[in-house]
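Heads up: the structure comes next, in structure tokens.
The values are calculated or read from the model by the stated rules, or taken from the named source; none is laboratory data. These numbers come from a predicted model, not from an experiment. Positions of Cβ are backbone-derived with ideal geometry, glycine not excepted, and every protein chain shown enters the neighbour counts.
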Amino acid sequence: MSDKTSTLVIVIFIFYKRQRHVNQEAVDHYKRMIDELEVWDIKPVVTLFNYWEIPKELEDAGGWLNNKTIEEFVFFADTCFEKFGKLGMVLDVSWKEPADEVTPADWTASETAMIFSAGWFFNPLLHGEYPEAMRNGKCESTSACELPEFTDVERSTLNDRYLLPYTLKVTVNMIIPG
């Protein structure tokens, strides 16, 4: 065994044949995996499912804009915390570069793309609100701009969280306006 501790991010899928049902077989599988990793001095960081991997029934009912989805996710997160302890978060964000570095429209396009990619996640976590560009209707579709406002309690809860960044893969996309 090494004197260094490695870290592995484990994404947990323990739910959703039906709501509020925990798949104990899956829980046991992840606990065995975590125990084995720790034997090899690998520190697992347990995370929850990705934002796009939402059960179809909840997506059909409005997805993240529906409070039922949020309630189900809270139950899921609470259950994972109870079963596995400390949890982490993985955000999937692609870096955007202007296709032509001297063209102002390309810079504006890449900045806007970054706001709608990274800002969508990081602004609420760091500032308790969505980016101004997203709140002011600069969206490709009307539904994308229908963002909820955070309450003072939600802002306080978000601001009390610790972010532990991990970079798994960096990709660069060239953005051309239009």
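Of the residues that make up segment 139-148, is at least one modelled with pLDDT under 85, part of a helix (DSSP H, G or I) and touching a Cys at 6+ places or on another chain (Cβ under 7 Å)? Yes, segment 139-148 contains at least one residue that is modelled with pLDDT under 85, part of a helix (DSSP H, G or I) and touching a Cys at 6+ places or on another chain (Cβ under 7 Å).
Counting only residues that are without any contact (Cβ under 8 Å) to a residue 40 or more places away in the chain and within 20 Å of P131 (Cβ to Cβ), how many does segment 83-103 have? Number satisfying all stated conditions: 2.
I'd like to check something: does segment 112-130 contain any residue that is at positive phi and modelled with pLDDT of 85 or more?
yes
Filter segment 77-98 for residues that are in a strand (DSSP E or B) and more than 12 Å from L48 (Cα to Cα); which is nearest to the chain's Cα centre (by Cα)? Across segment 77-98, the extreme among qualifying residues is W95.
Across segment 108-137, the qualifying residues are those that are closer than 14 Å to P148 by Cα and without any contact (Cβ under 8 Å) to a residue 12 or more places away in the chain, and the one among them that is surrounded by the most Cβ atoms within 10 Å (Cβ to Cβ) is N123. In segment 18-37, the residues that are farther than 17 Å from L87 by Cβ and assigned by TED's automatic domain parsing to the domain that holds E82 form Cβ pairs under 9 Å with partners that are of a type in the set (D, E) and surrounded by 14 or more Cβ atoms within 10 Å (Cβ to Cβ), at six or more places apart or across chains, as follows: Q19/E72; R20/E72.
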